[in-house]
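The values are calculated or read from the model by the stated rules, or taken from the named source; none is laboratory data. Just so it is clear, the model here is predicted, and its values are computed rather than measured. We place every Cβ from the backbone using ideal geometry, glycine too, and count neighbours over all the protein chains shown. Quick note on the areas: whole protein, heavy atoms, side chains included, nothing else; ligands and nucleic acids left out. Shrake-Rupley method; radii C 1.70, N 1.55, O 1.52, S 1.80 Å.
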Amino acid sequence: MFSRRSGFPAEKNRLSLLLEKKKAAGEVILDLTETNPTRIGLSYPVEEILKPLSHPRALTYQPCPFGLPETRQAIARYYRERAPFGVTPSLHADQIFVTSSTSESYSLLFKLLADPGQSILTPRPSYPLLDYLAAAEAIELRHYQLEYDGTWHLDFGSLRSAVSADTRAVVVVNPNNPTGSYVKEQEWENLEGFCREHRLALICDEVFFDFPLETAVPVPDPLHRKTEVLRFFLGGLSKLLLLPQLKIGWGVLQGPDSLCAPARQRLEILLDTYLSASYPVQQAVPELLQLRMRLQGPLKERLARNLSTLCSALDRSSATILPPEGGWYAVVQVPGTRSEEDWAIQLLAECAVLVHPGYFYEFQREVFLVLSLLPGEAIFREAVGRMRSLL
Ligand SMILES: Cc1ncc(COP(=O)(O)O)c(C=O)c1O
């Protein structure tokens with residue numbers, strides 16, 4: 001009756017069963033897995049956000065497969081504004097397509113690039129939803145490793161082992177979720193050569209790009225380097241403006257004309273088939289993007305303060321923080337005296353603190369815990385204090 005691709009495993013793990021039990025008993029949980037920016041007590045400029053969404057122009061519909069021209073121009077402006085000092089960006093609005101989310105952009109690109117059964121290379125550890133997005137498109141994911149030796153780096157040996165004749169693309173998440181590592185200058189260079197050699201497209205997920213935590217290290221902006229590879233840069237309002245409910249994402253298409261022209265032609269039909277990005281929200285994007293700094297500012301301060309609280313709390317403990325360079329998460333290595341799941345369960349059972357065990361993100365080794373840096377500072381401080389008492 002049903003397709004194999006929709007047969008996702010349904011069983012619950014021990015951690016989620018315990019969480020359900022505690023919630024049912026009315027216990028207050030300090031949730032360090034919270035990733036929804038609208039639920040963490042930040043104040044939004046309500047009037048400024050709602051005004052462009054209620055404009056009468058929202059009552060006319062003008063279907064545009066790639067998205068409204070003014071929306072794409074505003075997105076192109078964002079990329080020009082974020083270009084590093086001294087770089088002259090050549091990005092044009094015609095290179096941009098608008099979707100309803102970054103997740104949808106991934107699905108679209110998987111359809112564009114790979115037939116069922118063909119493969120795409122993704123990093124490990126990384127964002128768990130990639131497995132579901134690939135399964136839904138009947139695409140096989142093969143993995144390359146990110147390794148930590150004081151900083152995270154891309155293990156090119158594992159990338160070379162993962163590629164095969166039916167591989168169509170490499171995904172990089174920049175900075176990665178949950179390791180918080182940006183792709184380094186030399187890695188871009190190597191990725192360009194690798195993709196050229198194997199005729200692969202490069203999909204670069206940049207949803208956390210605007211959230212560097214390690215400000216001393218300049219982040220290379222790959223968008224402005226010359227390329228012979230078909231590349232897609234993905235972004236969206238859910239992280240950029242902390243507004244996931246607006247459901248707007250996008251992709252930037254870049255590369256030699258011989259690849260971009262057929263890619264655009266095919267994308268146009270795929271996009272026209274769904275026309276899924278909301279038009280009233282697309283019309284509001286130019287004004288909403290002007291709020292970028294105001295919306296990001298308070299969260300950036302919170303991320304920095306929570307990270308500093310975590311460092312102080314775990315100082316001279318048996319745990320080590322793997323310092324994130326950017327993004328919304330921190331990875332903590334804890335002693336191998338018990339498994340990741342047992343650590344997470346003990347934290348929940350004894351301290352009422354919820355964290356994610358590393359295996360949710362497919363860390364190759366134990367024992368890592370992943371903490372969201374989003375929660376309110378008082379909650380975060382209390383939670384990491386309780387965590388410290390277990391270490
Ligand atoms: C790395 C990464 N990419 C993409 C997404 C999904 O973004 P969107 O809300 O635009 O679908 C997430 C969501 O957490 C993410 O962590």
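Restricted to strands (runs of 3 or more DSSP E) entirely inside region 189-285, those with at least 2 residues that are over 30 Å from ALA58 (Cβ atoms), open to solvent by less than 40 Å² (accessible area, probe 1.4 Å) and within 13 Å of the ligand (Cβ to nearest atom) are 201-205. The set of residues from region 189-221 being at pLDDT below 95 and touching a Lys or Arg at 6+ places or on another chain (Cβ under 8 Å) comprises PRO220, ASP221. Among residues of region 326-342 that are within 20 Å of LEU373 (Cα to Cα) and in the same structural domain as VAL367 (by TED's automatic domain parsing), those with a Cβ under 6 angstrom from a residue that is among the hydroxyl-bearing types (Ser, Thr, Tyr) and open to solvent by 60 Å² or more (accessible area, probe 1.4 Å), sequence gap 6+ or separate chain, pair up as GLN333/THR320; GLU340/TYR359. The set of residues from region 334-376 being over 23 Å from THR38 (Cβ atoms) and among the polar types (S, T, N, Q) comprises THR337, SER339, GLN346, GLN364.
Restricting attention to region 115-128, does a residue exist that is farther than 25 Å from PHE363 by Cβ, open to solvent by less than 30 Å² (accessible area, probe 1.4 Å) and away from the ligand (no atom under 15 Å from the Cβ)? No, the conditions are met nowhere in region 115-128. The residues of region 290-347 that are among the hydrophobic types (A, V, I, L, M, F, W, C), surrounded by fewer than 19 Cβ atoms within 10 Å (Cβ to Cβ), outside any strand (DSSP E or B) and in contact with a strand residue (DSSP E or B) (Cβ under 9 Å, 6 or more places away or on another chain) amount to a single one, CYS311.
Within the set ILE49, ILE29, the sole residue that is under 20 Å from GLY236 (Cβ atoms) and open to solvent by less than 70 Å² (accessible area, probe 1.4 Å) turns out to be ILE49. For region 74-98, taking the residues that are closer than 20 Å to LEU267 by Cα and in contact with a His (Cβ under 9 Å, 6 or more places away or on another chain), the one that is least open to solvent (accessible area, probe 1.4 Å) is identified as ALA76. If you go through region 251-268 one residue at a time, do you hit one that is on the phi > 0 side of the Ramachandran plot and either touching a helix residue (DSSP H, G or I) at 6+ places or on another chain (Cβ under 7 Å) or not hydroxyl-bearing (Ser, Thr, Tyr) (or both)? There is at least one residue in region 251-268 that is on the phi > 0 side of the Ramachandran plot and either touching a helix residue (DSSP H, G or I) at 6+ places or on another chain (Cβ under 7 Å) or not hydroxyl-bearing (Ser, Thr, Tyr) (or both).
The residue list SER164, SER158 contains one member that is among the hydroxyl-bearing types (Ser, Thr, Tyr), open to solvent by 30 Å² or more (accessible area, probe 1.4 Å), away from the ligand (no atom under 16 Å from the Cβ) and more than 23 Å from GLY297 (Cβ to Cβ), which is SER164.
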